[in-house]
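The values are calculated or read from the model by the stated rules, or taken from the named source; none is laboratory data. This is a predicted model, so every value here is computed, not measured. Virtual Cβ from ideal backbone geometry, glycine too; neighbours counted across all protein chains shown. Calculation scope for accessible area: heavy atoms of the full protein, side chains included, ligands and nucleic acids excluded. Shrake-Rupley method; radii C 1.70, N 1.55, O 1.52, S 1.80 Å.
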Amino acid sequence: MAAATAADVAEDTASVYSGKLTLYVFLTCGVAATGGLIIGYDIGISGGVTSMDTFLGKFFPSVLHQEQTAQGTSQYCKFNSQPLTAFTSSLYLAALVASFFVASFTRALGRKWSMFGGGVSFLAGATLNGAARNVAMLIVGRILLGIGVAFCGLSTPIYLSEMAPPRLRGMLNIGLQLMITVGIFSANLVNYGAAKIRGGWGWRVSLGLAAAPACVIAVGSLFLPDSPSSLINRGRHEQARRVLRRIRGTDEVDDEYGDLIAAASEIEVYSGCSARRRPWRDVLQRRYRPQLAMAVLIPFFQQLTGINVIMFYAPVLFKTIGLGGDASLMSAVITGLVNIVATFVSIATVDSLGRRKLLFQGGCQMLVSQVIIGTLIGVVFGTSGDGNISRALAVCIVVFICVYVAGFAWSWGPLGVLLPSEIFPLEVRPAGQSISVAVNMLCTFAVAEAFLPMLCHMRFGLFYFFSGWVLVMTLFVSAFLPETKGVPIEKMTVVWRTHWFWGRFYCNQDADAHVQVANSKV
C-alpha cells in the first residue's frame, strides 16, 4: 500500500474531524492574536521616534547635529550612529536571550500564562521608556520590551496553531500577523500626531502608548483557555477534552482527541518516557532535522528580505531620499496601511492556495520591487550620495516600496510566523518555536545593527543585496518546502516522511519505533 501523502491526510481529516469555526474559537484566537500588537507597535514606533528632532536632541544630540549639517555630504550616511542603532536593536538582543528561557516556561505552565507574562513585561518596558530621563532608562526599557516580545512571539503562534481547526489553521494563525500590521500602522499614526505636539515631548507619547497593546494582551490572556495540546502535554486529559468540545462546537471530538493523545504517545515511543524532561536535547535528534532546518532557515530568510529596513527606518529612509519630516512620516503611514490590506489577502488565500504558492509569488514581487527601488535611488544619488530627488521620483519610490511591502505582507510576513509554529511535534514544539524565535531575533538584531552602516557604505547597492537573498529564498522554497495546508499538526510528520529530500531522515525511524513498541509489550 502506498504511503499517504500530505494531501491525502488533509482530505481524510476534512471528512473525519467534526466541528466548525465556532464563534468561541474565533474570539479566542482573536484575543490571543492581539499579542501581535506589541510586536508591531514596537516595529513601527522605533523608526518614527528616531526621526523626531526633539527625541534626537535629548538622547542623541550628535546624530541631530550630523543630520542638520549633512548638507553637501552623503545622504546615505547622515543617520549613521552606533548609539542610535543600539537603542533600536537592544530589544531584539534581549528577546534572543529570553526566548531560550521562555520555552521551558511555556511548556511547564501553558501558552496562556506565557502570553500574560509577555504583556506584563511589555507594559513595564513601555512605562520606563515613556518616562525616560537618560539613555540608560531607554535601554533598560527596551530590554523589558524585548522580554515581552519573546514571550508573545513564542507562545502566541503555537497557541493559534493548536486551537484552530486544521482546515482553517492558516487563516486564524495569520490573525497574529494582521495584528502586527495593525500595530505598525497604529504606531505610524501615533508618530505622525506626536511629532506635531508642541513642547518637544511628543516622543514620550509614542513610547508610552506601547502600554495600551500590552494591557490588551495581558488582560485578554486571563480569559483564555489553554490549548488542548498543552493540557495533554501536562497530563490534564479530561480538561483537554472539554476545551476541545467547546472550541469545535460539538461533542464528536473523539477522532481529533485520539490523534492528539496518539501524537503525545508517539513521542514516548520514539524517545522514551524521559523525553518529557529533555525537549532541548530531543529537538536535535535526526528525526526532527527537517523541522529544525525550517525553524532556522525560515526566520533567517524572512529577516533577509529586508522588510525591517523598511519598517524600522521608514521615516528615516524617506528623509534620506529627500522627503521632509512630515512627508516621511505620512509615507510610513501609507506603507503601514498597505501592509494591513495585503495581510487580508493572505488570510483569504492561505488555506486554499497553500503556503508554497504564496511564498513563491511574494518572493518574485519583492525581488522585482527591490531591484527597481535600488536602481531609482542609484540614479539620483549615485555612489557619492550627493543630489536632490524630485517629488515625482520620490513618489515613484514610495509606490514601489508599497508594492514590496504588499508582497511581503501576503507571503513571507505571515507565513514566516505560521510555518515554524505548525511543523513540530507536541513534545518539542515550544523548544522548536523557541529556536525559531531566537533565530528571528538574532537576524533582526543583526539587520537593525547593520542597516545604517550598510546604507552608508553600500549605498543603493543595499537593496540589491537584499534582493539577492530574496532570490535565494524563493528558489529554496520551490525545492525544499513541503505543502502543509489542511494537515493537522498532530499528523504533520507525514509531510516530511513523503518529501523527496526530507524523507531520507525517516528511513530507519519507523523500524526503530516498531522495535520499541514490541519491547514495551514484552
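Could you go through segment 124-137 in sequence order and give the Karplus-derived ³J(HN,Hα) for each residue, using 6.51 cos²θ - 1.76 cosθ + 1.60 with θ = phi - 60°, rounded to whole Hz, and x for Gly and Pro?
With coefficients 6.51, -1.76 and 1.60, one gets 5, x, 5, 4, 5, 5, x, 9, 4, 10, 8, 5, 4, 5 Hz.
Give the calculated FRET efficiency between Thr22 and Gln239 to the nearest 0.05, with a Förster radius of 22 Å applied to their Cβ-Cβ distance. The partial results should precede the final answer.
Values: r = 18 Å, r/R0 = 0.82.
E(calc), rounded to 0.05, equals 0.75.
Can you list the HN-Hα couplings for segment 475-490, worked out from phi with the Karplus curve (6.51, -1.76, 1.60; θ = phi - 60°), rounded to whole Hz and with x for Gly and Pro?
5, 4, 4, 4, 8, 10, 8, x, 7, 10, 5, x, 8, x, 5, 6
Would you mind checking which residues have amide H under 5 Å from Ser227's amide H? H placed 1.01 Å from N; only 5 or more apart, or other chain.
Arg111, Lys112
Residues with beta-carbon under 15 Å from that of Gly146, excluding Gly146: net charge, scoring Lys, Arg +1 and Asp, Glu -1? Please report the intermediate quantities before stating the final value.
Numbers: positive: Arg142; negative: Asp42, Glu449.
Charge balance in the 15 Å sphere: -1.
Sort Arg248, Arg198, Arg278, Arg133 from largest to smallest accessible area, using a 1.4 Å probe on the heavy atoms of the protein chains. All intermediate terms of the calculation are to be shown ahead of the outcome.
Details: Arg248 5, Arg198 215, Arg278 65, Arg133 170 Å².
Of Arg248, Arg198, Arg278, Arg133, the descending order of accessible area is Arg198, Arg133, Arg278, Arg248.
For every other residue with a beta carbon closer than 15 angstrom to the beta carbon of Gly432, add +1 if it is Lys or Arg and -1 if Asp or Glu, then tell me the sum.
Numbers: positive: Arg107, Arg111, Arg278, Arg281, Arg286, Arg287, Arg289, Arg429; negative: Glu162, Asp282, Glu422, Glu427, Glu490.
Value of the local net charge: +3.
If you count only protein heavy atoms with a 1.4 Å probe, what accessible area per residue comes out for segment 409-454, rounded to a whole Å²? Can you show the working numbers first?
Numbers: 690 Å² over 46 residues.
Per residue, segment 409-454 has 15 Å² of solvent-accessible surface.
Gain in length, Glu252 to Ala131, computed as 0.36 nm per residue apart minus the alpha-carbon separation, to one decimal in nm?
Values: separation 121, 0.36 × 121 = 43.56 nm, distance 5.32 nm.
Using 0.36 nm per residue and subtracting the Cα-Cα distance, I get 38.2 nm.
Please compute the net charge surrounding Phe87, taking Lys and Arg as +1 and Asp and Glu as -1 over other residues with Cβ under 14 Å from its Cβ.
Working: positive: Lys58, Arg142; negative: Asp42, Glu449.
Charge balance in the 14 Å sphere: 0.
Take every Cα pair under 8 Å in segment 341-475 that's 6+ residues apart, average their separations, divide by the length, and report that relative contact order as a whole percent. Could the numbers behind the result be given before it?
Working: 110 pairs, mean separation 58.9, N = 135.
Relative contact order of segment 341-475: 44 percent.
If packing is taken as the average count of other Cβ atoms within 10 Å, what order do 166-177, 24-35 fall into, highest mean first?
Working: 166-177: 24.9, 24-35: 21.8.
So the order, starting with the most tightly packed, is 166-177, 24-35.
Going through the cross-link list Lys357/Lys485; Lys112/Lys485; Lys357/Lys491, which pairs have a Cα-Cα distance over 20 Å in this structure? Before the final figure, lay out the partial values.
Working: Lys357/Lys485 11 Å; Lys112/Lys485 25 Å; Lys357/Lys491 22 Å.
Pairs exceeding 20 Å: Lys112/Lys485; Lys357/Lys491.
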